[in-house]
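Okay, structure first, notes after.
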Amino acid sequence: MSSTIAVEELRVGMYIQLDGGWLSHPFPLSSFRIATAEQIATLLGLGLARVRWVPEKSALESAAAAEPADAAEAAPRLSPAEAEAAQRRAWLAAQREAARLCERQHAEAAQAWRGAFDLVTAKPLEAGRTTEALTRAMLDKMIGCEEIGIRLVAGGGDRAGGHALNVAVISMLIGRTLGLADEVMQDLGVGALMHDAGKIDLPDRFRHLEDGFSSAELGLYRDHVAKGVVHGQRMQLRAGALAVLAQHHEHADGSGFPLRLAGERIALASRIVAVVNRYDNLCNPGTRTLALTPHEAVATMFAQGRTRYDATVLSAFIRMMGVYPAGSLVQLTDDRYAMVVGVNSSRPLKPRVLVHEPRGRGAAEASEAQLLDLEQSSDLGIRRSLAASKLPPAVLQALDPRPRVAYYFEPIARESAPCTS
């Protein structure tokens, strides 16, 4: 049960929950145990009067001192199997809460992006400020996280917003991997969020590249780059962000558009967005029948893009996403089918997977064993990736892959997860 407490009365060890929305505070999570006096000072600086706190999740020194000396002896002793089961339940509960939090953060970011995008034409300065604030909030939550994961989230909302967030999230994670300076990261995020601003001026049917376009239609589609730069200038975006709007379709080998730039004539932020933009368009094309699985998209990028895209950026992208990015459908080494739902960008070869349990296992076991962290399963891995059409219908229905692949980032706590295989 949670109750409220005045911010002035907070102490280290209290577990609190912030209700103001993800963009209203700088912490990586909205629910956390206070670890330092600096965090309390930050909360005071936010101007909050009261916050929710959860006593049973708190760890206060006074509470520990008040326990009877024989409290540990009075508690029932668990068998090794019971202790492992309890640990498993606690880990699953934490994963479910992390998933819910990630979904909420994604929804708030999507709402903020839509609010900015809808103002591009009528109130460009406000659109620019909102986009910069959204980027700053996302970057602040990445700062201080030793390890960040990429989680598959529900692809709700409109395609344009989902695409913008996918490109921005992955681009900024690549920038983080490459050690880009804060100012460059800010321009990268703003440019990624607004890279398709010029499509506002295009009819709906020309906003997504189609194979059957005539030369005139192709020219109309490509005009979104120049139109986007005009909108970016009206938003008073900085030069680094404007470069992304102008160059996100340029290729390292000079085969892109509109200026056929090559190599280092293309800004690094633009080279990053070019890679991620292509990846997301392969996973989430205008026509769903043409969609590739994330694994297929990465393989395609590697096979076809080694000269088209910046080698350093492409390598960082593939290392970060992993061979089996979130959203991939796979078969495990014990023959079970699974869907990758989360990837630690620092340890991409051992993702978290949602497993389809075959008939024959107990219902309780099946319900608890669905989510596995392969990093904690030394004897279990991924055998191969599969297209959705290759999975048995019952498996596909149970795993319920999203109609659109959508990603968000989350801090990874280095806590051991029980191994269940």
Quiz item: Rounded, prolate or oblate: which fits segment 182-310 when a ≥ b ≥ c are the square roots of the eigenvalues of the alpha-carbon gyration tensor, with rounded for a/c under 1.5 and prolate only if a/b beats b/c?
Solution: oblate
Quiz item: Counting alpha carbon pairs within less than 8 Å and at least 6 residues apart, what relative contact order, in whole percent, applies to the chain?
Solution: 16 percent
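Using packing as a proxy for protection, rank 195-203, 107-115 so that the peptide with the highest average count of other Cβ atoms within 10 Å comes first. Don't skip to the end; give the middle numbers.
Working: 195-203: 20.0, 107-115: 18.3.
Per-residue Cβ counts within 10 Å, averaged per peptide and sorted highest first, yield 195-203, 107-115.
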Self-check item: Whole-Hz ³J(HN,Hα) from phi, Karplus 6.51 cos²θ - 1.76 cosθ + 1.60, for segment 203-213, glycine and proline x
Solution: x, 3, 6, 10, 7, 10, 5, 10, 4, x, 5
Quiz prompt | Highest-fluctuation residue, Val54, Val273, Val355 considered, GNM on the chain with Cα pairs under 10 Å | solution = Val54
Exercise. At 7 Å along the Cα-to-beta-carbon direction for both Glu56 and Leu125, put a label point, then send me their distance in nm to one decimal.
Key: 5.3 nm
Quiz item: Among Asp19, Asp211, which comes first, then next, by fewest other beta-carbon atoms within 10 Å?
Solution: Asp211, Asp19
Quiz item: What list of ³J(HN,Hα) values in whole Hz, one per residue of segment 257-271 in order, does the Karplus curve 6.51 cos²θ - 1.76 cosθ + 1.60 (θ = phi - 60°) give from phi, with Gly and Pro shown as x?
Solution: 9, x, 10, 6, 5, 9, x, 7, 5, 9, 4, 4, 4, 5, 5
Quiz item: Shape of the chain from its Cα gyration tensor (a ≥ b ≥ c, root eigenvalues): rounded if a/c is under 1.5, otherwise prolate when a/b > b/c, or oblate?
Solution: oblate
Practice problem: Using the Karplus curve 6.51 cos²θ - 1.76 cosθ + 1.60 with θ = phi - 60°, work out ³J(HN,Hα) for each residue of segment 394-405 in order, rounded to whole Hz, and write x for Gly and Pro. | Solution: 5, 5, 4, 5, 5, 6, 6, x, 5, x, 9, 7
Quiz prompt | the chain, dipole about Cα centre (Lys/Arg Cβ +1, Asp/Glu Cβ -1), debye to the nearest 20 | solution = 1080 debye
Exercise. Pull up all non-local amide H partners of Tyr15: gap of 5 or more, or a different chain, and H-to-H distance under 5 Å with H placed in the peptide plane.
Key: Ile34, Val54, Ser58, Ala59
Self-check item: Lys/Arg +1, Asp/Glu -1 at C-beta; the chain dipole; positive extreme among Pro258, Val323, Leu165
Solution: Pro258
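Rounded, prolate or oblate, given the Cα gyration tensor of segment 129-192, with a/c below 1.5 counting as rounded?
oblate
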Self-check item: Zone of Leu209's modelled label, taken as backbone nitrogen in segment 163-190 under 19 Å from a point 7 Å along Cα→Cβ
Solution: 163-168, 171
Exercise. Report the extension gain between Ala133 and Arg234 in nm, rounded to one decimal, defined as 0.36 nm multiplied by the number of residues separating them, less their alpha carbon distance.
Key: 34.7 nm
Practice problem: Name the long-range amide H neighbours of Asn344: under 5 Å, sequence gap of 5 or more, or other chain; modelled H, no Pro or chain starts. | Solution: Ile150, Arg352
Practice problem: Determine the distance separating the Cα centre of segment 164-192 from the Cα centre of segment 273-341; give it in Å without decimals. | Solution: 19 Å
Quiz item: Using 1/(1 + (r/R0)^6) with R0 = 30 angstrom and r between the beta carbons of Ala154 and Ala299, what's the FRET efficiency to the nearest 0.05?
Solution: 0.75
Quiz item: Amide H to amide H under 5 Å from Ile412: which residues, 5+ apart in sequence or cross-chain, H placed 1.01 Å off N in plane?
Solution: Glu147, Ile148, Gly149
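Each reported figure results from applying straightforward, stated rules to the coordinates on display, with no laboratory input. If you're wondering where the values come from, they're calculated on a predicted model, not measured in any experiment. For neighbour counting, all protein chains shown are included, and Cβ atoms are generated from backbone atoms with ideal geometry for every residue, glycine included.
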